[in-house]
Amino acid sequence: MKSSMKKNLKKNLNIIILILITLLVLYFSLKDNFKETVTQIFTMNIWYLLIAFILLILFWVFRSYPMYTFCKKINKDFKYLSALQLTLRTQFFNAVTPFATGGQPYQIYHLKQLGIDYASSTSVVLQNFIVYQIALVFLGILALITNQIFDIFKNIELLQRLIALGFIINALVIIVMFVVAFSKKMNKFLIGFGIKILTKLRIIKNKEKKLKKWDESINRFHESAKILLKDKKTFIKNILCNFIALCCLYLIPLFVLYAMGNFNAFNAGVAIVTSAYVMIIGSFVPIPGATGGLEYGFVQFYGNFITGSKLSALMLVWRFITYYFGMIVGAIALNIKKVK
């Protein structure tokens, strides 16, 4: 009962923080040019906005394929639609938790419901996360190289430091995930160390039984990891799928810009590079949806091409499509399951 209350309190606190920061973002976005920004939003071309939404759907479609291929190797009866459904539901949990940490635990839980044991589902989710992170960092590296060659952005010291910090965090995440996925000795050492501490604190009573149980889980986990890694072509294909998915996501600001009737401010290549920079900055903001950090990065980088009410409108519509709309779709997908 107490555990359930604590979980609900934490969830509600995350949502309250998200609402407060969203309101602050709206205030600072609209306080200087409210009327002009609202006019820009309500006079946008519906067809270009539709393309922006289609790009988001393509992002989900391509993001679902790696999960499907990884699960298929464990369970031959696993369907692509199950992976797509899981991707949509994950949007909600990622949106309402700091660093998007709620998505992976839900994926493990849901895959268990679909008949994949916890050790195998954990391995699948970890592999899926690794290929996504590799694609994210690779795109970021390409963005840095492109900026060095074409000098798209001015040298702003604060932004450079934030980008450097974002790269370091993402690179460390990949290294840690690889260690967890493929180092059986490291996993056994960490689990054993944790169980010893919990035994001394009298939280765990039967130390040997727990060690045996975890040892079996770790063995199943690494057997699953070996199965997934044996097919290197699939692994590379899944990185490519995530790369394409991110490109679709990064192109959304371009079509929102077109919806405002502006076809000259920046092109597709600049949109991808700029969005990659924005995502790198947002990756280390410890607030649900990286709210505040992503908006700041977006305004700072896209502010090199457009300003005033057009920039505010671009940011607000982009943020709705890429974040709030996904959260709404995820919530609907979860509630449809409950109704069934």
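Below are the figures for this structure:
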quantity	calculated
Long pairs among K72/K237; K185/K233; K76/K185; K72/K209; K76/K209; K185/K237, criterion Cα-Cα beyond 24 Å	K185/K233; K76/K185; K72/K209; K76/K209; K185/K237
Other-chain or far-sequence residues with amide H under 5 Å of M260's (modelled H)	N45
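Any read-out appearing in this document is the output of simple, stated calculations on the displayed coordinates, not a laboratory observation. Being a predicted model, the structure only gives us computed values, none of them experimental.
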